[in-house]
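Step one of this worksheet: look at the structure below.
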Amino acid sequence: HRLASDPPRSALFVMSTLTPRCVMLAGVLALFVLGCATNPVTGRREFVMMSEAQEIAMGQEADAQVREQMGLYDDPELQAYVSEIGHEMAALSHRPDLPWSFAVVDSPVVNAFAIPGGYIYLTRGIMAYLGDEADLAGVLGHEIGHVTARHSVQAYTRASGAQLGLVVGSVFSPAARALGGLAESGLGLLFLRYGRDAELQSDRLGAEYAVQSGWDPTGVRDMLSTLGRLRGDAEGGIPSWLSTHPEPNVRVGRIDPVLEELSQQGSFDTLRVNRAGYLDRLDGLLYGDNPDQGIVRGSEFLHPVLRFALRFPEGWDVINMPTQVVAQQPGEQVYMVLQLVTDPDVGDLEQLALGNMCESGFAAESGGDTQINGLRAYIGTFTGEGEDGSQARARVAYILHGDTIYLLGGLTDASAYNQAETAFNEAIRSFRPMNASEAESIRPNRLRFYTVRQGDTWQSIAQGIGQEIVPPETLAVMNGFPVNEQPRAGDRIKVVQEG
């Protein structure tokens, strides 16, 4: 990457006449001068390795990848609503002239993220857990704060220009990355992890931007409280390996003094909350996976469009992404991956498998052609070396279903393979075709609304109007309640229903 600009010709001429030691010193000085910039939020000079123009260009490139790989949620009115609020807040931020962009991506994961240059994304998953427009403004303000304070640019600089970019790092072990990138999270939802100070600064900025734009800043605290409750909710929670905003409960306590400080500048009573207006826009919101892209129901993955199903090991975390499905044994570096094989040669599955795995750095130990629930397949065991030098072993199947070949495999360190092999084999052998009637019976889950009656509990609502799709604890968290606090008669609450 180039720095802020090329050195002027006079500087190059002077450097050419210096001794090697002086050249080194001059180069360091030039790097410092060219990379020193004023932080728009703090006003302090800081060393960064990316100019604003480079930051914007990087964001534009990554935005195209986000839209292609993750996809935008198909609801123009909701997109326009989020974009309008975002632009209103960004216009009053420390960097109003950036080419700001706000979008809702089609992902069920509860998350929001920012990339350099002013590109902000909320998942449709997080929209279901926000309680009102002030909460939405809190999330948008927080992400705007990451951009205005140049947190990702600072992280890039700290890594000395390493290829952090937007798809930095991986939630997976080096062994998983060794398998040709199959176990990486596509675009991933995990962008740069910010430090504790950066998160606290963005919380403060989010509250300040909310007030300046006319929204109640307590939405920041409400949003953090909900994320904290999600941590303990297995059904609706954020998997530890997909979280970009750690320790929300700690941050709840840290935002209170900020809100107290802002309240002294004027009452929050006249600021916008707009619960009814926000909820109206969520009616019919897709909840969970989109059946067009396959759905996760418990440990099962069902794809009604491509007409197949399989069952991952019970209790594993399963995440469905546009380019692959990934399952992880909780707390362990043990993974399974499902994805399409591009440009396949359907004539010989064994040769295809051996060739692909060899290209990924894996050698075959054993394997052979077989049948899996009436489908042609090849299953083999492979050994490779992880990026950290450790040995990885994989149990991989190439399965022909219709005109498509699917790769379904399990991967872990060699030392843990024997314990995981049975689970890998059972999942691989569970891959099956889906008939038309089963495919047609699968309906998406959507967000609907219900007015609480006297005597209702989260348990009774979840089992009744909620059709047992999500547990009572998830309904409580989704509606902004602690799990041990029951709803109030007359409240308009969110529920999840099929179809």
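A few points about this structure:
- Computed over neighbours whose Cβ is under 15 Å from that of Arg281, the net charge equals -2, Lys and Arg +1, Asp and Glu -1.
- Gap separating the Cα centres of segment 128-144 and segment 456-495, nearest whole Å: 21 Å
- Solvent-accessible area, 1.4 Å probe, carbon plus sulfur percent, for segment 421-488: 44 percent
- Probing with 1.4 Å while keeping every protein chain in the model, the per residue accessible area of segment 367-415 equals 37 Å².
- Radius 12 Å from Cβ of Thr451, net charge of other residues (Lys, Arg +1; Asp, Glu -1): +3
- Accessible area of Arg492 in the full protein assembly, 1.4 Å probe (Å², nearest 10): 80 Å²
- Gyration tensor verdict on segment 323-418 (Cα atoms; rounded if a/c is under 1.5, prolate if a/b is larger than b/c, oblate otherwise): prolate
- The packing ranking of peptides 119-126, 392-399, highest mean first, is 392-399, 119-126, where packing means the average number of other beta carbon atoms within 10 angstrom of each residue.
The values are calculated or read from the model by the stated rules, or taken from the named source; none is laboratory data. Owing to the predicted nature of the structure, the values given are computational and were not obtained by experimental measurement. Please note: Cβ atoms are built from the backbone with ideal geometry, for glycine as well, and neighbour counts cover all protein chains shown. Accessible surface areas use protein heavy atoms only, side chains included; no ligands, DNA or RNA. Shrake-Rupley method; radii C 1.70, N 1.55, O 1.52, S 1.80 Å.
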